[in-house]
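The values are calculated or read from the model by the stated rules, or taken from the named source; none is laboratory data. In this text the structure is predicted, and so the values were computed from the model without any measurement. Glycine also receives a Cβ, built like all others from the backbone with ideal geometry; neighbour counts cover every protein chain displayed.
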């Protein structure tokens, strides 16, 4: 695609950003829909964020951007409007430029995270519990999403006080718990009760297990029978966390599920078209190559 043919353009911004698969996803969909637009990546540190937003705001061909670490919260005061969900969560992962030049912040992480779980929510459960590892921007979206779905939450982080503060802010109702990350590292002989009719999730919402980071130490004796393991890490796709969950007999959801789901919502906001999800299998092959 030549530069002259590009009518609209968008980026994903963050630091670091070279690993991002967002350009591959969005350009795949743009090509499938024959839309003359371009999606790139740009390294933007938190210190560079003010200048970046100011320079992009004046560009009528700029559709907006996706925002990743460490800018999901820092970008919020630089915007003109916040979608109610983004305001509640306190994190923005998609910025959209309106025709009037005003910038609106959205959070598509919630929808992206929930998408592969949607079939499970069609039925009623006697009890829903989620063990969530992590206290960063992604964890904020996941805590809010699952609290709305009636889950009892156990949030584990290096700083239990931070986990406790997140629960107080995002899930103030319910009997939730904050613990230290190390709690899940050692085996337990806890005897789980009958889980018939229950829904149990174990979610890695941290960078642990990502290339360049230590593995997540999680002993699967902490997971009730029938639990679903969900890892938002995408590089590598098959983390130690997921491999050990499979070995323990649990169902797994990999990081591409949330990545593609949140990107589809962002694509609609940025380019005004629904992502062609009928090509998901081909897209997954592309992302794994």
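General observations
- Considering the range 244-258, the residues that are out of contact with any helix residue (DSSP H, G or I) (no Cβ under 7 Å at 6 or more places or on another chain) and not in a loop (DSSP other than H, G, I, E, B) include one that is farthest from residue 110 (Cα to Cα), namely 247.
- When residues of the range 78-128 are limited to those that are over 21 Å from the mean Cα position of the chain (by Cα) and over 20 Å from residue 272 (Cβ atoms), the one surrounded by the most Cβ atoms within 10 Å (Cβ to Cβ): 78
- Any chance residue 49 is assigned to a helix (DSSP H, G or I), assigned by TED's automatic domain parsing to the domain that holds residue 277, crowded, with 18+ Cβ neighbours inside 10 Å and out of contact with any strand residue (DSSP E or B) (no Cβ under 7 Å at 6 or more places or on another chain): yes
- Residue that is farthest from residue 16 (Cα to Cα) [pool: residues in the range 195-227 that are over 16 Å from the mean Cα position of the chain (by Cα), touching a residue at least 40 places away in the same chain (Cβ under 8 Å) and not in a loop (DSSP other than H, G, I, E, B)]: 198
- Sole exception among (1) touching a helix residue (DSSP H, G or I) at 6+ places or on another chain (Cβ under 7 Å); (2) buried (at least 17 other Cβ atoms within 10 Å of the Cβ); (3) not assigned by TED's automatic domain parsing to the domain that holds residue 27 for residue 267, by number: (3)
- Scanning the range 96-116 for residues that are touching a helix residue (DSSP H, G or I) at 6+ places or on another chain (Cβ under 8 Å), more than 20 Å from residue 145 (Cα to Cα) and not in a loop (DSSP other than H, G, I, E, B) turns up 96, 97, 103.
- If you check 229, 247 for being at pLDDT 95 or above, buried (at least 23 other Cβ atoms within 10 Å of the Cβ) and outside the structural domain of residue 27 (by TED's automatic domain parsing), only one passes: 229.
- Scan the range 221-231 for residues that are touching a helix residue (DSSP H, G or I) at 6+ places or on another chain (Cβ under 9 Å) and under 26 Å from residue 109 (Cα atoms) and the total you get is 6.
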